[in-house]
Structure formats: C-alpha cells, structure tokens
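The structure under discussion appears below in the form of structure tokens.
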Amino acid sequence: MFEEIFKLIEKGELNKAQELIDKTPENDPKRYNVSGLIYYQKKELEKAKEEFEKGLKIDAVDSDLLFNYGYLLKEMNQEKEAWRYLMRIHKKDWATYDMLGDIEFKTRSKLSALRFYKKAAELTDSPEEMKKKFLDMRNNIKQDTKIAFLCLPGLDNFLKDIVETFSLAYDVKLVVTKDGNQIAEAIKWADIVWLEWANDLAIFATNNVPEIQNKKVVCRLHSYEIFTQFPEKINWANIDKLIFVGDHIKRILHELHPNLNIDPTKEVIIPNGVDLDKFKFSPRKPGYNLAILAHINYKKDPTMWIHIISKLKEVDNRYKLHVGGDFQDPRYFVYFNYIKKEMKIEDNLILHGWIDNVEEFLEDKDYILSTSIHESFGYNIAEAMARGIKPIIHNFDGAKTLWPNKLIYNTIDEAVEKIIEQTYDSEGYRRFIEDNYSLEKQIDLIENLLNKIPAQRNSDSDSYYSLIGSYGSGNLGDELIGYSILKESIIGEKVKYVGTFNKEISSQLYGNYKYFNYLQPKEAFEAIKNSQGLIFGGGGIFYDYGDPRPNALWYRIYLAAITMLQIKKPVFFLNIGCNEVHLQQNKQLIKDIFDYADFISVRDIESFEFLKEIGVDNEINLGADNVFLLYEKVSFPNVQKEHLFGIELRPIQELVYRNPTKDKEIAKKIAFVIDNLYKRMGIQAIFYSTYLGYDDKFYELITTYIENKDSIYIFEQNYNFLELLKSLKKCQFFVGMSLHSLIFSSLVNTKFIGISYNSKVEIFCKMMNDGKYCIEYPEFDPDELLTECLSILENKNLNYEPKLKELNLRTLNSQQKLYNKLKNPVKYKDFKIQSKEMEKFFSHLL
C-alpha cells in the first residue's frame, strides 16, 4: 500500500494519499513517517511534527523518522533538538552528517561542524559537491596556529577525539613521550601548549623549558594528581589556564593543597565529552543483566559487587553481574574466585576479562553498575547512558554534581532497590548525556578558552578587576547573579577581587576568588587599587523609594566616585537596575557618575528610559538580568510536573514601610488562597525563601493562618541553585513577589503570577505574560488571586521560550561588549566634581 501512497504523493494528490494512510496499521511507524511527510508538503509543520512524534513513540530509532523529524525541526529553527534526533540515527548517510555539520556551524562549534563535513565527504556515496564543501569550509576555518598536545605514554585516551578534531583546523602535534628533549622541542615549536594531566610532565615542562614562558599554556587536571604532591611542584606562573573536568575536583584540589599559588581566574571547568556518534541509542526495559566495565582495583570497591549480586540473587536467581575488566591487583583475582564459590554465586557473577568490543558486550545488558569511591567523571557511566542503559551509581564525592541524583545510591540496599524498581527511562538517560556531556559541547568550550588566552601572560593582579554586588547577603537573586557572572560568563575570567557581605558564603558559591568586605570602604578601595577598575555586577542597585537618606544608594555612588576621582580607575555597570529613584538630588548624583562610566548596560527598559530621562550623556546598552545567562543550562528535561504550586512572598511592609501589621493582613489573604487550592484541586503549596532571614518570616506568618497544615511546606535547599530550580520546574505554576523569584520560575518555563510591589515586577509580568497574571500590591482581593491561580493552571498557551532566548541573547551581547571595553577604558579620566549635588555630597562625606 505504501508504494501506492508514494505514487500519489509524487503526483501531488496529497488528500488521496492521506485517505490511504488512514487504512494502514496504527502500530506501523512507517504510517506516521509518510503522514508527516504529507503534512510537510502541505506546509502544516505542527501537524507534521505530531505525526513524526507518534511514529517515534513506536520505534524511537527508526532512521527515516529520525531524519525527517530532525530535518523538520531544523526548518522550524529548533536546531538543538534537530541535532539530538539526527545524532540518534544508527547508520548515518552523508546527508545526515552534512545537516549535523550545518547545525553545528550555525549554533555552536565550527570545529565540530568540520568533523561532520569530513565524515560526510568520506562516505563512498558522497557527491563531489559534499567533498568540495568540506575542503572549502576547512580552508575558511583553518587557523595559522600550532598546538602541541603533550602527554605521558599510556595516558592519552582522553585526548584522542580532541586532537583529531583540532587537527582539522590547526597545525597539531600529539607528543606522547617521557623524553625531555622531545617535550622541549614540541614546546619550542608550538604557539599553544596543552599539558595533559598535572603530573611529572607538567612539572618538567613548567620548570625546565624556558621557552614555555612565551607560549599560551593549558594544563588539564583529571583526578589522581590531586592525591599526589605533583600540584605543589608545578610552576603555575607558566600556565595560563588550568582545566578541571569537574567542579568537585577543583574543590578537592584546594582542600588537599590549601597553599597552592594558583590565580583563581586561571581555573575553568570543562566537563568531559562523549562522542555520541560512536554509541547507538536503543530503548530498553528493566531486566536481569548488570554490567561492570573497569580496571579492577581498590578505587572501584569491587567487594561491593559481591554483596549487590548476592542480594539480587535472593530476590531473583536470574540476576547476573557481568564484569568486563582486568585485575590490577592479584589479591582481587584470588578473592573473587574464592568468594563466588563460598557464596554459591558462580552462575551470577561472570568474569569476562578485558573487553575490547564494548558495543557487543553491552548489547544485552540492562544496567551499568558503578561502585567507585572516587571518580572525576566516569566514562563507563556516560557511555552506557548514551546507549539508553540505566546506571546505578555509588555516591562518591562529586557524584551528585555530575549525575541525576535519582540514579545515585548510598547503601547496598538502595542499590538493589534501584535495580529491581520498574522505573526505567532510556530516552532520559540518553538525553542527559546529549544535554551535558557531548563531545561537540566540549570542543566548543575548549576552542573558546584557547581563543581567549592573551598573547602575553600577565603576572600581577593589575590584570584583573574588582566586582561588587549584593553577594553574600542571603538574597538568592543576587547570589545567582554573582554565580552567573563568575561561573558562567566570560567576565568571570577578568575578575580577581569580589566584594561580598559574607566571605564564607561567597567562597562556597563562587570558588577561589579574593573576597573583601563590601561594607568596609578600606577593604573595598584596597581591592580596587590592586585591580584595573571596578565592575558593578548587576541587580537593582540604585533606588531610594523616596527615602531622604538612602544609605545603600549613597554608598555605591561613593565607591564609584572615589574609584574614578582618587584611585583613578574606571567604573563599569553590567546589567544593573535603576528604578524607584524619586529624589532629584539622587538623580543628579547618578547622572554625574554614569556620565563618566566606561560601560553601562541595564537590565530592563525602565532603567534604560530612566537614565535617558535624567540626561545621562553616555552610551547606554539594553541588556537583561545576568541570570538569563543560565537559559538552556537549567532545562532539566527529565523533571516532570507534580501536583504542586510554588509561592514566594517578602515582608515588604515591615522591611520598607515599617508596617508589620499590613504584612499579617497579606499573609491571611495568601493563606485563604492556599487553603482553597488544596481543598478544590488537592494542589499543595511549596514556599521558596529567596531572601534568607526575611522571606521565611512570611512563611511563618502564613502558617499561622493556614487551616490545613498539609497544604504548604517550605523548600529547604536554598543555596543549592540547581535543586531549587529543579523544584520550581516540578510546580504547575508559581506565585511570586520578588523579581528574581519570577525570573527563576521563567527560566524553567514554569508559569507565574507576579505580586507587583514594585514597577520592575509589573514590567516583567507584562513582558513575559503579555500583560496578564499580575496582582496589585498590597490591596489585592484574595478571590481575585484565587481566580488567577485557577486560570493560569488551565492556560496551556503560555510559553516563555522565545522571550528567554531574546533575554539570553541580550545578556550575552552586553557581557561581550563589556569584555571588549575592559581592554581600553578612557572616560573615567575626565571625571570631576561638577554639579552642586555632587559637591554637597562630597563635602558631607569629608
């Protein structure tokens, strides 16, 4: 029948073809593939998408469906999703590789694009045009830069994909040797030196080869090095960037070697990458075959394997543990052969020796077991997940930052429970690797890093800037702004000194920077003197609410003025907010400062118009809140909605207007809404305290008026940003008062209702919700809020993705512009006291 259908399609008789399709079996994926093609021909793209998705639910690895679905998504400008499904095709043809190359070229890594074009060109049926396209692209991208990758023998496994890819566009040498002369010659030849592992080779290269001082040098530290004295012997002054493969490895390095003299701005996290093209994804179900792939040594805690399979045998004798690996300690060989007889598990514990063909070995396996006491990553876990195999992962230090927490166990009983449970999500396992650990993402991060290393190494602190914001204050909006700038943006690498309210909190959140007490002018000015200038890093930092003595505003004016006038260093404003400034004298002070700032970007149109209105004579860039930099980095595709709604309120009446009685009235209204939603819908409220020490007071107020104590509980992992955002994604909708609580909700695409205590909240609601779902504060009607909650619960049309993309782009653009401005600031040199308001301000200070 399908031949007849295709003939009708070729003739353009699409409606007749559709009628015949309706007669084909509903469980045949080909039915939906052809139906999708017909809708595509009709230009009904959403219907075509639905048909392809129906087919993929029947056969998730049907090559025709995957190709056509990927092609359609690319046409719909959903390139990231198109890449995902095209990568799942088992046997790719040249057209698939060509399309993958086009997607990479447009959205991410031109180097990775070359890899795909090369694969397309090398296939036997590849047309001449494809071969020409690859050569032309390669010539266009080719860099006149020499890179030497240096590694000791036997340790180059993690380098091969990287070296192969960079060889397409750079002049590359892979030097695997212990010979000092060969190492020295490679360094002399290279423009960029890559030291793989922070071990003996790195010690020799940084201490014994003088020419390395004039090279761009990268060292990648994996794991075992941190448990040795190697880091103490490396000359870190001769290294531009130290790459860690995981944040926990960086933390442990500094815990075990607290006196290392490493500039924190040199440290970067670039996770490992998996070449997904090598690992065929296939949906699987719970079964009885477990696999282990590992060198058998103490680090893998092999005795745990015995106990787990023994427990599983008690549940069902069909469970078998297949061990692929070599014994690095003969004691384990002796022990295993002895204990499996003693415990009568000979048929359940099968030792295969070292496995060369991993693909074949894992073909019939249902679980991969990892019992390690320490890992920097765990390629065996990632590669199994890429195939759709469920991993069972021991909770080593760092596991929860690397892998989905629901796959991690503490005890043997927990491991067994995770194996025998019926929860199994092959697509989710594959998707997690696609989102977090693809080779393409790794290559992109590495190339960006290499391109940003300056031609000449700076040896003193004057190469970097001081950053201030409301960091360490307990306000999670400000904490996440700091995290976004310092951990996720290009600005972080130019910062050395960070002003904070709490050094301990900021150190835990942001890592190894030099922290100073933001509220101590002496400390602040000392940091600014030792750096190239001062960056105000986001947040709503200029406001007075009509207060005649706005100390916070005045202090920031003071810091900026002294920086330019006396210290003679530049000032920059990155995506800041200026709203609720009512007093004319403060408007003039702000103008005086901003006229001479070397860069200004604001987070919203209100701030932009305010600065224009007060006459700021300087370029003002419309950026967005720095937190939007996290868009797409916190998508959490495996998190499902639950019967919850989120809520956050702040005791503004007490904090700003000294009227706690009014807060009680508001709490009573909120309790009414929570109780009614619980009674009517059975939906439970989860309270988020985004300003610690303040919002939680409002939670206590609400609970005094709640009728059913089961209707609400409080989220307690506040400083764990990822867990907070995951929790928000589980919510059906969110009701929030602070701007950043609404931003958090939008980042994970959870619909929100804003309680507008401030114009910035109202503006954000209008932008994201098309003017809907914004409640006036404080005189709102609880019935009105309840109605809005019920309305948004049913609203299926709200989608924040397009606006999030725009805000993310605005954030990226503003940060790139600031990065460029840092190279040559000039305006601050002309700053002087001109207005009467500034003259009075300084005379008052003095």
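Lone cysteines in the chain, going by a 4.7 Å Cβ-Cβ cut-off?
When partners are defined as cysteine Cβ atoms under 4.7 Å apart, the chain leaves CYS151, CYS219, CYS578, CYS731, CYS789 without one.
Using label points projected 7 Å from each Cα along Cα→Cβ, tell me how many nm separate ASP783 and LYS709, to one decimal.
Going by the 7 Å Cα→Cβ label model, 3.1 nm.
Report the full-extension gain for the segment ASP547 to HIS352: residue separation times 0.36 nm, less the Cα-Cα distance, to one decimal in nm.
Separation in residues times 0.36 nm, less the Cα-Cα distance, equals 62.6 nm.
Would you pull out the residues with amide H under 5 Å of ASP275's amide H, same chain only if 5 or more places away, H placed 1.01 Å from N?
When sequence neighbours closer than 5 places are left aside, the close amide H contacts are LEU439.
Provide the per-residue ³J(HN,Hα) series for segment 211-226, in order, calculated from phi with Karplus coefficients 6.51, -1.76, 1.60 and θ = phi - 60°, each as a whole number of Hz, with x at glycine and proline positions.
Calculated HN-Hα couplings, in order: 5, 5, 5, 9, 10, 7, 10, 10, 10, 10, 9, 9, 6, 4, 4, 5 Hz.
Using a cut-off of under 19 Å, list every residue of segment 395-410 whose amide N is near the label point 7 Å from the Cα of VAL315 along the Cα-to-beta-carbon line.
395, 405-410
Using a simple charge model, +1 on the beta-carbon of Lys and Arg, -1 on the beta-carbon of Asp and Glu, nothing else, what dipole does the chain show about its Cα centre, in debye to the nearest 20?
In total the dipole reaches around 1320 debye.
Can you give the convex hull volume of the alpha carbon atoms of segment 1-88 per residue, in Å³?
Hull volume over Cα atoms, normalised by residue count, gives 79 Å³.
Could you give each residue of segment 758-771 its phi-based ³J(HN,Hα) in whole Hz, using Karplus coefficients 6.51, -1.76, 1.60 with θ = phi - 60°, and x for Gly or Pro?
These are the phi-based 3J(HN,Hα) values: 8, 4, 5, 5, 4, 5, 5, 4, 4, 5, 8, 10, 6, x Hz.
Which value in nm describes the separation of the simple spin-label points at GLN640 and VAL176, placed 7 Å from the Cα toward the beta carbon?
4.5
So what is the 222 nm mean residue ellipticity for the chain from helices alone, if each DSSP H run of at least 4 adds -39500 (n - 2.57) and you divide by all residues, rounding to the nearest 500 deg cm²/dmol?
Calculated at 222 nm, the ellipticity per residue is -14500 deg cm²/dmol.
Could you tally the net charge around VAL639, taking each other residue with its Cβ under 13 Å from the Cβ of VAL639, Lys/Arg +1 and Asp/Glu -1?
Combined, the nearby Lys, Arg, Asp and Glu give +2.
Apply 1/(1 + (r/R0)^6) to the Cβ-Cβ distance of GLU122 and SER63, taking R0 = 22 Å, and write down the FRET efficiency to the nearest 0.05.
Computed FRET efficiency for GLU122 and SER63 comes out at 0.70.
For the peptides 408-415, 562-569, 588-595, what is the packing order when you average, over each peptide's residues, the other Cβ atoms within 10 Å and list the highest mean first?
588-595, 562-569, 408-415
Compute the FRET efficiency between LYS146 and LEU20 as 1/(1 + (r/R0)^6), taking r as their Cβ-Cβ distance and R0 = 60 Å, and round to the nearest 0.05.
Approximately 0.45, to the nearest 0.05.
Around ILE753, which amide H atoms from residues at least 5 apart in sequence, or from another chain, sit under 5 Å from its own amide H, with H modelled in the peptide plane?
Sorted by chain and number, the residues that satisfy this are PHE734, VAL735, GLY736.
Starting at the first residue of segment 428-445, write each ³J(HN,Hα) from the Karplus equation 6.51 cos²θ - 1.76 cosθ + 1.60 with θ = phi - 60°, in whole Hz, x for Gly and Pro.
x, 5, 4, 4, 4, 5, 4, 6, 10, 9, 7, 4, 4, 5, 4, 4, 4, 5
Distance between the C-alpha centers of segment 637-709 and segment 83-131? Whole Å please.
The two parts, judged by their Cα centres, are 52 Å apart.
Could you calculate the contour length gain from ASN799 to LEU155, that is, 0.36 nm times the residue separation minus the distance between their Cα atoms, to one decimal place in nm?
227.1 nm
Once the other residues with Cβ under 15 Å from the Cβ of ILE419 are scored (Lys, Arg +1; Asp, Glu -1), what is the net sum?
So the surrounding residues net to +2.
What residues of segment 408-431 lie in the reach of a label at PHE227, counting those whose backbone N is under 13 Å from a point 7 Å from the Cα along Cα→Cβ?
Within reach of a label on PHE227, which here means backbone N under 13 Å from a point 7 Å along Cα→Cβ, segment 408-431 contributes nothing.
If Lys and Arg each add +1 and Asp and Glu each add -1, what is the summed charge of the other residues whose beta carbon sits under 13 Å from the beta carbon of TYR483?
Local charge sum for TYR483: -3.
What is the set of long-range amide H partners of TYR464 at a cut-off below 5 Å, with H atoms built 1.01 Å from backbone N?
Amide H neighbours of TYR464: GLN532.
Work out the FRET efficiency for LYS766 and MET304 from their Cβ-Cβ distance, taking R0 = 35 Å, and round it to the nearest 0.05.
So the FRET efficiency works out to roughly 0.05.
What order do you get for 355-362, 309-316 when each peptide is scored by the mean count of other beta carbon atoms within 10 Å, highest first?
Put in order of decreasing packing, that is 309-316, 355-362.
Rank-order 492-501, 44-53 by packing density, defined as the average count of other C-beta atoms within 10 Å over each peptide's residues, highest first.
Packing proxy ranking, top to bottom: 492-501, 44-53.
Label GLU839 and ILE373 with points 7 Å out from Cα along Cα→Cβ: what is the distance between them in nm?
The answer from the label model is 7.4 nm.
Can you give me the accessible area per residue for the chain, using a 1.4 Å probe, in Å²?
Accessible area per residue, the chain: 43 Å².
The values are calculated or read from the model by the stated rules, or taken from the named source; none is laboratory data. Predicted model only: the values in this text are computed from it and were never measured. Glycine gets a Cβ as well: all are built from the backbone with ideal geometry, and neighbour counts include every protein chain shown. Protein only, heavy atoms only, side chains kept; ligands, DNA and RNA dropped before computing areas. Shrake-Rupley method; radii C 1.70, N 1.55, O 1.52, S 1.80 Å.
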